[in-house]
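The values are calculated or read from the model by the stated rules, or taken from the named source; none is laboratory data. On a predicted model such as this, the values are computed, not experimentally measured, just so you know. Note that each Cβ is placed from the backbone with ideal geometry, even for glycine, and that neighbours are counted across all protein chains shown.
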Amino acid sequence: MALILLYAYPMIKFNMRSAFGLKLVLVQQVLYGFINFQLFFVLAFVLLPKPIRKRQPVQVIARVFTAVFAFAIIKYAIGYFFFPDQVLVKLYSFVGKKNQYMSFFNYFLTATKTGLGVAILAYSYRLLLQRQHTGPQDRLLASAAAAARTRYIRMQENSRLLLHNLQQLTPILEDEQRRDKEGVKAILLLSDLLRYMLYDKALEKERVSLWKELLNFERYMELRNLCNPDQQLELSIIGETQQGTLEALLLQHTTETALQQIKDTSGPLVVRLQIQQDTLTLSLQSFYACHAAYQIKRYPEYA
């Protein structure tokens, strides 16, 4: 109400000496401004919160038009019974003649246009309140969905890597001469990798400690050497291995990707890990050349 009076104050002050002008301002700007404010309040805090929260656009439209039409009728009734010369007058006539007034249909259209403008403001204000109320919750849901998608992709990649290890282990288990010695060692290595991939709590997070990842990367390379005697891998590490974190199993996935690209290369390969402050460079090198190199982001312990 204070805002309405503040808005109408200049016109009230200007028409203070005119009884007709003062009444016109009080009715058109103060009284009908208050009615429009009540329409705004009813829409924003009574009719629209529930359908907006439940995302029911049909209910929103129905409630908006019902309220706008109802308030248009209320405005017409107040003007018709109490203030026809201030509300419904269409044309002021000369003294001694009757004024021309708007019909119900004409005034209803005018009041509906004003009501729809108020409804747009109320709808926008309700959306703003809804966003402020549900914003943190929506961000939490989006973060949880992103984390779930990351875990799903990691689980899919881990399953693919696990299947690949099992396929490589099959020839050893089928060979009786290699089964007792190499087969037992390969099964133990695969068991350690499975325990790390499936049950280690560190893998529930996006990153694991560098030393733990390197430990299981060494097991992976030893298992791969047992399963692929024609293409031996040697691991060379340069730099500090006790500090920092990496994305889980990224070293294994990167190595498999690089080996698929150079699978026709025969002879031993050196998997060289050069650990720097913010990055880790993984490269595959033979006696003659460097066949592949990858930059991997390295994170501090507290990240």
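Run down ARG126, ARG151 and say which single residue is at pLDDT below 75 and in a helix (DSSP H, G or I).
Numbers: ARG126 fails: at pLDDT below 75.
Step by step, each of ARG126, ARG151 is checked, and only ARG151 is at pLDDT below 75 and in a helix (DSSP H, G or I).
Mind checking which residues of the stretch 46-69 are surrounded by 17 or more Cβ atoms within 10 Å (Cβ to Cβ) and assigned to a helix (DSSP H, G or I)? Before you say what the answer is, go through the steps one by one.
First, pick out the residues of the stretch 46-69 that are surrounded by 17 or more Cβ atoms within 10 Å (Cβ to Cβ): 47-48, 51-52, 60, 63-64, 67-68.
Those that are surrounded by 17 or more Cβ atoms within 10 Å (Cβ to Cβ) and assigned to a helix (DSSP H, G or I): LEU47, PRO51, ILE52, VAL60, ARG63, VAL64, ALA67, VAL68.
Please give the strands (runs of 3 or more DSSP E) falling wholly within the stretch 220-287 in which 3 or more residues are at pLDDT 85 or above. Spell out the reasoning first.
Working: elements: 233-238, 245-247, 269-275, 279-285.
In the stretch 220-287, 233-238, 269-275, 279-285 are the strands (runs of 3 or more DSSP E) which contain 3 or more residues that are at pLDDT 85 or above.
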Listed by first then second residue, the pairs whose first member lies in the stretch 98-119 and is assigned to a helix (DSSP H, G or I), whose partner is at pLDDT 90 or above and of a type in the set (Ser, Thr, Tyr), with beta carbons under 8 Å and at least 6 positions apart or on separate chains, are PHE104/TYR76; TYR107/TYR76; PHE108/TYR76; ALA111/TYR76
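Tell me which residues, restricted to the stretch 154-198, are over 36 Å from the mean Cα position of the chain (by Cα), in a helix (DSSP H, G or I) and of a type in the set (D, E, K, R). Explain how you work it out, then say what you get.
As a first pass, look at the stretch 154-198 and keep what is over 36 Å from the mean Cα position of the chain (by Cα): 165-192.
Cutting the leftovers down to in a helix (DSSP H, G or I) gives us 165-174, 176-192.
Hits for the stretch 154-198 are GLU174, GLU176, ARG178, ARG179, ASP180, LYS181, GLU182, LYS185, ASP192.
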Could you tell me which of the residues LEU26, LEU22, LEU43 is outside any strand (DSSP E or B), at pLDDT 90 or above and in the same structural domain as TYR123 (by TED's automatic domain parsing)? LEU43
